[in-house]
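J.: To start, I am sharing the structure in question, which I have written as structure tokens.
The values are calculated or read from the model by the stated rules, or taken from the named source; none is laboratory data. The structure presented is a predicted model; accordingly, all values stated were derived computationally and were not measured. Cβ atoms come from the backbone with ideal geometry, glycine included; neighbour counts cover every protein chain shown.
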Amino acid sequence: MGKSSLVLTLDDEPATSALGAALGDALRSMPESVESAGIFIAVAGDLGSGKTTLVRALLRRLGVTGAVKSPSFALLEPYEVSRLHLYHFDFYRFKNPREFVESGFLEFFRPGNVCLVEWPERAGEYLPVADVSIGLAIVNSGRSAVIGANTEIGGRCLYQLKIHLKPADADA
């Protein structure tokens, strides 16, 4: 499968949250794929670009209630909704990619699990290939999002995301 992508303009924080919610809807529409293969979504971007806002909205749409905090200090926040296992990672504090290997986190990247990783580049080549890669950037007073599918399940997720986004949200 060739790599496909989607480019969006996010005018404000609610638009970033709407993208996260649409991504949650996309995942909810493909439960068999997630259960059989799992899915890894990498979210990259500078500080303040909306990574945690996007992930928080996605988790909320999947049914997470209560506090959804950034795992900046804990590195991992696990959630379970119904039979869905959700793992929100933040590798900002990694000083060396080997810390990913030493953490034992690789065991979470398996069928049935949804792994959402902020700062994936900090784990380097030790991290598996992301099914979906999201790059967020600050542009003027808003944000831009470049969403790429890197695997077959990532392609299905991106296809579903396009269905769940309002047509006015998509630039391409």
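J.: Which members of the range 70-88 meet the condition of being among the acidic types (Asp, Glu) and either in a loop (DSSP other than H, G, I, E, B) or in contact with a strand residue (DSSP E or B) (Cβ under 6 Å, 6 or more places away or on another chain) (or both)?
T.: GLU77
J.: Moving to a separate point now. If ALA44 meets every condition in (1) surrounded by 19 or more Cβ atoms within 10 Å (Cβ to Cβ); (2) touching a strand residue (DSSP E or B) at 6+ places or on another chain (Cβ under 9 Å); (3) farther than 22 Å from GLU121 by Cα; (4) of a type outside the set (D, E, K, R) apart from one, which number is that one?
T.: (3)
J.: Moving on. Kindly indicate which of ALA57, ALA123, ALA67 is touching a strand residue (DSSP E or B) at 6+ places or on another chain (Cβ under 8 Å) and small (Gly, Ala, Ser).
T.: None of the others qualify; the one that does is ALA123.
J.: Follow-up question, since we're still on this one. Tell me which residues, restricted to the range 128-144, are part of a loop (DSSP other than H, G, I, E, B), buried (at least 22 other Cβ atoms within 10 Å of the Cβ) and either at pLDDT below 95 or touching a Gly at 6+ places or on another chain (Cβ under 6 Å) (or both).
T.: ASP131
J.: For ALA26, are the conditions met, namely being surrounded by 14 or more Cβ atoms within 10 Å (Cβ to Cβ), in contact with a helix residue (DSSP H, G or I) (Cβ under 8 Å, 6 or more places away or on another chain), modelled with pLDDT of 95 or more and in a helix (DSSP H, G or I)?
T.: The answer is yes for ALA26.
J.: Now, a different point. Identify, from the list ARG98, ARG60, ARG83, the residue that is more than 18 Å from SER17 (Cα to Cα) and modelled with pLDDT of 90 or more.
T.: None of the others qualify; the one that does is ARG98.
J.: Out of curiosity, is PHE89 buried (at least 16 other Cβ atoms within 10 Å of the Cβ), of a type in the set (A, V, I, L, M, F, W, C) and over 24 Å from LEU165 (Cα atoms)?
T.: Criteria met by PHE89.
J.: May I pose another question? Filter the range 29-56 for residues that are within 15 Å of GLY135 (Cα to Cα) and not in a helix (DSSP H, G or I) and give the result.
T.: PHE40, ILE41, ALA42, VAL43, ALA44, GLY45, ASP46, LEU47, GLY48, SER49, GLY50
J.: Being touching a Gly at 6+ places or on another chain (Cβ under 8 Å) and either hydrophobic (A, V, I, L, M, F, W, C) or at pLDDT 90 or above (or both) narrows it down to one of THR52, THR9, so name that one.
T.: Every option except THR9 fails the conditions.
J.: Find all pairs meeting these conditions: Cβ atoms under 8 angstrom apart; at least six residues apart or on different chains; first residue within the range 52-65 and at positive phi; second residue of a type in the set (A, V, I, L, M) and surrounded by fewer than 21 Cβ atoms within 10 Å (Cβ to Cβ).
T.: GLY63/VAL81; GLY63/LEU84
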